[in-house]
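Here's the structure, in structure tokens; my notes come after.
The values are calculated or read from the model by the stated rules, or taken from the named source; none is laboratory data. Being a predicted model, the structure only gives us computed values, none of them experimental. Here the Cβ positions follow ideal geometry from the backbone for every residue, glycine too, while neighbour counts run over all protein chains shown.
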Amino acid sequence: MRHLMSPLDLSVDELDELLNLANDIEKHPEKYAHACDGKKLATCFYEPSTRTRLSFEAAMLNLGGSVLGFASADSSSAAKGESVSDTIRIISCYADICAMRHPKEGAPLVASQKSRIPVINAGDGGHQHPTQTLTDLLTIRSLKGRLDNMTIGLCGDLKFGRTVHSLINALIRYPGIRFVLISPEELKIPSYIREDVLKAKQIPFTEVERLEDAIPELDVLYMTRVQKERFFNEEDYVRLKDFYILTREKLSLAKEDMLVLHPLPRVNEISVEVDDDPRAVYFKQAQYGVYVRMALILTLLGISVE
Ligand code: CP
């Protein structure tokens with residue numbers, strides 16, 4: 001039995017296979033419509049979500065399976081003090097696979113150690129968000145045709161943004177990847193990623209504050225929201241929340257084929273006037289999230305479709 005806690009739980013070959021499967025699902029959805037008949041997915045979300053929870057549920061329904069779960073800690077027995085270890089033992093009696101989001105880093109890992117069914121980390125605190133990374137990789141590979149030899153700009157809340165941490169870990173396995181880390185001083189990438197990942201593996205990167213300076217050289221611009229829920233005081237959040245706003249004017253400095261990604265939800269960091277630009281692919285990205293989660297459910301359940 002396999003779980004998914006981090007994108008690194010999949011080798012590069014396994015990841016390629018998963019992305020190929022997701023592309024096949026995109027092209028031939030009817031082939032997969034009954035692949036999970038009789039199977040159940042539990043979504044255990046202790047933190048708010050629109051995309052991740054609903055795309056997991058859509059993925060299982062598209063595969064012919066069923067879904068059950070809870071959308072907040074308040075509506076589960078966590079509100080009465082039940083631990084994730086006990087909860088997953090119970091969920092193992094009701095479902096075949098579980099996607100779990102939790103505000104505490106490592107909570108889905110703790111759950112996986114007590115689980116009798118595959119557990120997928122659907123986001124744990126400011127730590128990792130591996131299925132968002134699978135979504136991002138599928139989007140980039142499908143629209144650019146490759147995952148190597150690119151300059152990737154990561155912009156916004158690089159300190160608390162778990163999607164950024166997971167994406168860096170995944171992309172450094174491909175040759176010719178270079179990062180431009182665009183953030184205010186207070187929201188710089190954590191040192192465990194700068195020192196232990198980027199510097200330790202000799203991945204080229206620069207850290208800058210102004211988006212306008214960085215944008216002309218980028219192949220992909222990955223915008224992120226300032227993570228209000230991880231701030232300790234409101235004053236800091238208010239000061240930093242509108243630090244970056246991608247406007248049509250700033251986008252005019254970018255390459256014609258640069259992609260703009262965003263894990264969403266967006267607050268103010270991308271002006272709605274950018275939405276109609278062909279380089280803005282964040283809504284397409286959410287659609288790719290369904291295909292890749294379908295592929296992941298099939299892979300972890302060991303179901304293959306001829
Ligand atoms: N991208 C993402 O994780 O969105 P949700 O918080 O809506 O699931």
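Taken over region 114-131, the criterion of being closer than 15 Å to LYS104 by Cβ and part of a loop (DSSP other than H, G, I, E, B) is satisfied by GLY125, GLY126, HIS127, HIS129.
Taking residues in region 281-306 that are more than 22 Å from ILE270 (Cβ to Cβ), and partners anywhere that are of a type in the set (S, T, N, Q) and outside any helix (DSSP H, G or I), the pairs with Cβ atoms closer than 8 Å and at least 6 places apart or on different chains are LEU298/SER304.
When ALA33, ALA22, ALA71, ALA59 are checked against the criterion of being aliphatic (A, V, I, L, M) and over 21 Å from the mean Cα position of the chain (by Cα), ALA33 stands alone in meeting it.
Counting only residues that are at negative phi, part of a loop (DSSP other than H, G, I, E, B) and away from the ligand (no atom under 16 Å from the Cβ), region 27-50 holds 7 of them. Only residues that are without any contact (Cβ under 8 Å) to a residue 12 or more places away in the chain and either aliphatic (A, V, I, L, M) or within 15 Å of the ligand (Cβ to nearest atom) (or both) were counted in region 51-75, giving 2.
Within region 77-99, one or more residues are within 24 Å of GLY161 (Cα to Cα), in the same structural domain as ARG53 (by TED's automatic domain parsing), away from the ligand (no atom under 13 Å from the Cβ) and assigned to a strand (DSSP E or B). Could you figure out which of (1) assigned to a helix (DSSP H, G or I); (2) aliphatic (A, V, I, L, M); (3) within 30 Å of LEU221 (Cβ to Cβ) isn't true of LEU158? It fails just one condition, (1). Is it fair to say ASP96 is acidic (Asp, Glu), closer than 20 Å to LEU41 by Cα and in contact (Cβ under 8 Å) with a residue 40 or more places away in the chain? Yes, satisfied.
Might you check whether a residue that is without any contact (Cβ under 8 Å) to a residue 12 or more places away in the chain, more than 22 Å from PRO263 (Cα to Cα), out of contact with any His (no Cβ under 6 Å at 6 or more places or on another chain) and exposed (fewer than 15 other Cβ atoms within 10 Å of the Cβ) occurs anywhere in region 165-177? Scanning region 165-177 turns up no residue that is without any contact (Cβ under 8 Å) to a residue 12 or more places away in the chain, more than 22 Å from PRO263 (Cα to Cα), out of contact with any His (no Cβ under 6 Å at 6 or more places or on another chain) and exposed (fewer than 15 other Cβ atoms within 10 Å of the Cβ). Could you say whether any residue in region 231-242 is surrounded by 14 or more Cβ atoms within 10 Å (Cβ to Cβ) and in a loop (DSSP other than H, G, I, E, B)? Within region 231-242, one or more residues are surrounded by 14 or more Cβ atoms within 10 Å (Cβ to Cβ) and in a loop (DSSP other than H, G, I, E, B).
Filtered by the rule that a residue be within 15 Å of the ligand (Cβ to nearest atom), within 22 Å of LEU240 (Cα to Cα) and among the aliphatic types (A, V, I, L, M), region 261-284 gives LEU261, LEU264, VAL267, ILE270.
Under the condition of being over 24 Å from GLU185 (Cα atoms), touching a Ser or Thr at 6+ places or on another chain (Cβ under 9 Å) and aliphatic (A, V, I, L, M), the residues counted in region 241-259 number 1. Of the candidates ASP219, ASP213, the single residue that is in contact with an Asp or Glu (Cβ under 9 Å, 6 or more places away or on another chain), more than 30 Å from VAL119 (Cβ to Cβ) and not assigned by TED's automatic domain parsing to the domain that holds SER11 is ASP219.
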